[in-house]
């Protein structure tokens, strides 16, 4: 198995805000306008077709970039290249996954940092049959709106009656339990409850055909 990294940022079709796509998500929430973006089979088919075309000509350690390309109707920036998953803390390469029959963790042999790997889901193998594993990327059908919020409620004073409200971050428009006013939470509080996600590299493991690298050239995904 040989690994390639992917780094993807979507342009929200509703507000044009850049949104990181840190894994095999089929729906993602824009952190700016709080609206869903669908990333179905068409999107991922176009992403993998673009990456595979470029990877065929890339040697190990090199990368390429497709800026603001339309994938399945969504504009996105895509960066890719052949690279073994490595620890973001000490930059040491992770060991290769063992059994791919179930999810597990890779442990950095130098500092003990962990990252998750999972077998490739069936729907992505239907797009590219050589995809065997995903390392460091999220695999889920829907990104939950409340995911990633700070633990526990935050106290906020109602701007009308000064009552103390416990805000959990599930909704941006809340009702004061004292004066019944409708309150739209300000940006600084909302961002504290929903920290902005940053773009991260994640990895796809490809099963190589026999003798695919015999010439010493790029691997064949």
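None of the figures in this text is laboratory data; all of them are computed from the coordinates on show. Predicted model, so just to flag it, every value in this text is computed and none were measured. Please note: Cβ atoms are built from the backbone with ideal geometry, for glycine as well, and neighbour counts cover all protein chains shown.
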### Task
Compute the Cα gyration tensor for segment 154-193, then decide on rounded, prolate or oblate, letting a ≥ b ≥ c be the square roots of its eigenvalues: rounded whenever a/c is under 1.5, prolate when a/b is larger than b/c in the other cases, and oblate in all that remain.
prolate
### Message
Going by Cα centres, segment 15-36 and segment 66-115 are how many Å apart?
### Response
20 Å
### Potential extension, residue 38-residue 170 segment - 0.36 nm per residue separation minus Cα distance
45.4 nm
### Query
At a Förster distance of 25 Å, what's the computed FRET efficiency of residue 49 paired with residue 100, Cβ-Cβ distance as r, to 0.05?
0.60
### Query
By how many degrees, 0 to 90 and rounded to 10, does the Cα axis of helix 41-55 deviate from the longest principal axis of the chain?
40 degrees
### Structure-derived Rg and Dmax of the Cα atoms in Å: which label, when the choices are [x] 17.5, 59; [y] 20.8, 75; [z] 18.8, 60
[y]
